[in-house]
Amino acid sequence: MDSRVIRAMTISCVPTPDASPDAGRATPAAVGTQADAGEAARERALAQTTALLAAGSTLIARPVPRPRITFDLRGRSAGQFRVDGGEASIRYNCALLAREEAQFLAQTVPHEVAHYLAYLRFGCHIRPHGPQWQQLMRALGADPRRCHDFDVAGLTTRRLRRHPYHCQCGEHALTSIRHNRILRGARYRCRACGQALRPGRAPAAATES
């Protein structure tokens, strides 16, 4: 793998204006300014993602198609990479981008891009934060940390509904995400017995008469 280091974009901090008696009141002009600032931050995140994807093409020695990129992630996760129905996507958390933009661009963006590059280069049967991902993170100029340390005060964690499934050796609780994937044709197997998971709770053992 190419050992060159791709440096993250540097972000200049904008001074915070002094507090005033009307500081707690959101005026139309202030709302517009906040919206513009959010849009500008998203543009910078997109630009950083595009730059790292281009660098990644050299790192893994193959073309890197642009994945679907959205800013709809909520809760305490800063970013997410996923493949659904063969389509790769990267999701970013706008709230955390606004709070921690410099670190978000330097850490979260390469974190998710490295997941995508690892998927393209090594497939889906590797550990999410294993040595392949770590090597790509370093090549992109980022510290291969699994979790961020952003301020998440006031952000709620998304609670996923669990759906009962079973196999020949026991019961499993799948999230709505995996349950919906199964409805679309995906299959999950038990790591212990290798049997495909079936919906519902395990039937009670038959009693002898």
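The values are calculated or read from the model by the stated rules, or taken from the named source; none is laboratory data. Keep in mind it's a predicted model, so treat the numbers as computed, not measured. Positions of Cβ are generated from backbone atoms using ideal geometry, with glycine treated the same way; all protein chains shown enter the neighbour counts.
Just one of (1) at pLDDT 95 or above; (2) closer than 17 Å to Cys147 by Cβ; (3) assigned to a loop (DSSP other than H, G, I, E, B); (4) of a type in the set (A, V, I, L, M) trips up Ala61, so point out which.
Of the numbered conditions (1) at pLDDT 95 or above; (2) closer than 17 Å to Cys147 by Cβ; (3) assigned to a loop (DSSP other than H, G, I, E, B); (4) of a type in the set (A, V, I, L, M), the odd one out for Ala61 is (2).
Please indicate, with yes or no, whether at least one residue in region 22-41 is at pLDDT 85 or above, in contact with a Leu (Cβ under 9 Å, 6 or more places away or on another chain) and crowded, with 16+ Cβ neighbours inside 10 Å.
yes
Among residues belonging to region 77-103 that are part of a strand (DSSP E or B) and among the basic types (Lys, Arg), point out the one that is surrounded by the fewest Cβ atoms within 10 Å (Cβ to Cβ).
The qualifying residue surrounded by the fewest Cβ atoms within 10 Å (Cβ to Cβ) is Arg82.
Considering each of Cys169, Cys147 in turn, give the residue that is within 28 Å of Glu112 (Cα to Cα) and in a loop (DSSP other than H, G, I, E, B).
Going through Cys169, Cys147 in turn, the sole match is Cys147.
Considering region 150-166 alone, what residues qualify as being part of a loop (DSSP other than H, G, I, E, B) and touching a Phe, Trp or Tyr at 6+ places or on another chain (Cβ under 9 Å)?
The answer is Phe150, and nothing else.
Consider only pairs whose beta carbons are under 7 Å apart and that are at least six residues apart or on different chains; among these, list those whose first residue lies in region 49-70 and is more than 22 Å from Leu96 (Cα to Cα) and whose second residue is among the β-branched types (Val, Ile, Thr) and surrounded by fewer than 21 Cβ atoms within 10 Å (Cβ to Cβ).
Final answer for the pair search is Ala55/Ile6; Gly56/Val64; Ser57/Val64.
Here's a check for you: in region 77-101, which residue that is over 9 Å from the mean Cα position of the chain (by Cα) and of a type in the set (A, V, I, L, M) is nearest to Arg66 (Cα to Cα)?
Within region 77-101, the match that is nearest to Arg66 (Cα to Cα) is Ala88.
Do we have Ser77 as at pLDDT below 95 and hydroxyl-bearing (Ser, Thr, Tyr) here?
It is true that Ser77 is at pLDDT below 95 and hydroxyl-bearing (Ser, Thr, Tyr).
Which condition breaks for Gln168 when tested against (1) of a type outside the set (Asp, Glu); (2) surrounded by fewer than 15 Cβ atoms within 10 Å (Cβ to Cβ); (3) touching a strand residue (DSSP E or B) at 6+ places or on another chain (Cβ under 9 Å)?
Unmet for Gln168, out of (1) of a type outside the set (Asp, Glu); (2) surrounded by fewer than 15 Cβ atoms within 10 Å (Cβ to Cβ); (3) touching a strand residue (DSSP E or B) at 6+ places or on another chain (Cβ under 9 Å): (3).
The rows are residues; the columns are (1) assigned by TED's automatic domain parsing to the domain that holds Gly86; (2) without any contact (Cβ under 8 Å) to a residue 40 or more places away in the chain.
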{"site": "Tyr119", "(1), (2)": "yes, yes"}
{"site": "Gly130", "(1), (2)": "yes, yes"}
{"site": "Cys147", "(1), (2)": "no, yes"}
{"site": "Asp151", "(1), (2)": "no, no"}
{"site": "Gly170", "(1), (2)": "no, yes"}
{"site": "Ile182", "(1), (2)": "no, yes"}
{"site": "Ala186", "(1), (2)": "no, yes"}
